Amino acid sequence: MKEKEKSTFLFNKSNYTFLIIGVLLNIIGFLLMIGGAAESLDEFNPDELFSPVRLTVAPILILSGYAVIIYSIMKKPKGLKNNKDLIEK
């Protein structure tokens with residue numbers, strides 16, 4: 001008698017949700033780090049270059065995005081009762 005093979009995915013809907021949230025946080029952080037364009041190339045505007053958004057907010061968003069991505073990868077789905085479900089195939 002043949003045993004039915006169960007195909008279980010390692011990621012479920014919540015894993016993908018956290019993954020998308022982490023990627024969006026990274027994209028927003030990198031866009032904030034880019035900042036605005038200079039109005040003229042002859043002038044140096046230190047307020048725009050060294051703004052708190054570029055120096056503090058954007059890196060915090062990027063690091064939190066990476067943390068959410070790592071969490072989404074490491075999170076164990078609720079449907080898996082133990083590690084035998086992953087090993088047996």
With the structure loaded, tell me whether Ile60 is closer than 27 Å to Ile73 by Cβ and either of a type in the set (D, E, K, R) or loosely packed, with under 15 Cβ neighbours inside 10 Å (or both) or whether it fails that test.
yes
Residues (under 16 Å from Leu25 (Cα atoms) and in contact with a Gly (Cβ under 8 Å, 6 or more places away or on another chain)) located in the stretch 43-56:
Val53, Arg54
Report, by residue number, each residue of the stretch 63-81 that is among the charged types (D, E, K, R) and either modelled with pLDDT of 95 or more or open to solvent by 60 Å² or more (accessible area, probe 1.4 Å) (or both).
Lys76, Lys78, Lys81
Within the stretch 11-49, restricting attention to residues that are under 26 Å from the mean Cα position of the chain (by Cα) and among the hydroxyl-bearing types (Ser, Thr, Tyr), which residue is most open to solvent (accessible area, probe 1.4 Å)?
Tyr16
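The values are calculated or read from the model by the stated rules, or taken from the named source; none is laboratory data. This is a predicted model, so every value here is computed, not measured. Every residue, glycine as well, gets a Cβ built from its backbone with ideal geometry; the counts of neighbours run over all protein chains shown. Note: areas computed on protein heavy atoms with side chains; ligands, DNA, RNA excluded. Shrake-Rupley method; radii C 1.70, N 1.55, O 1.52, S 1.80 Å.
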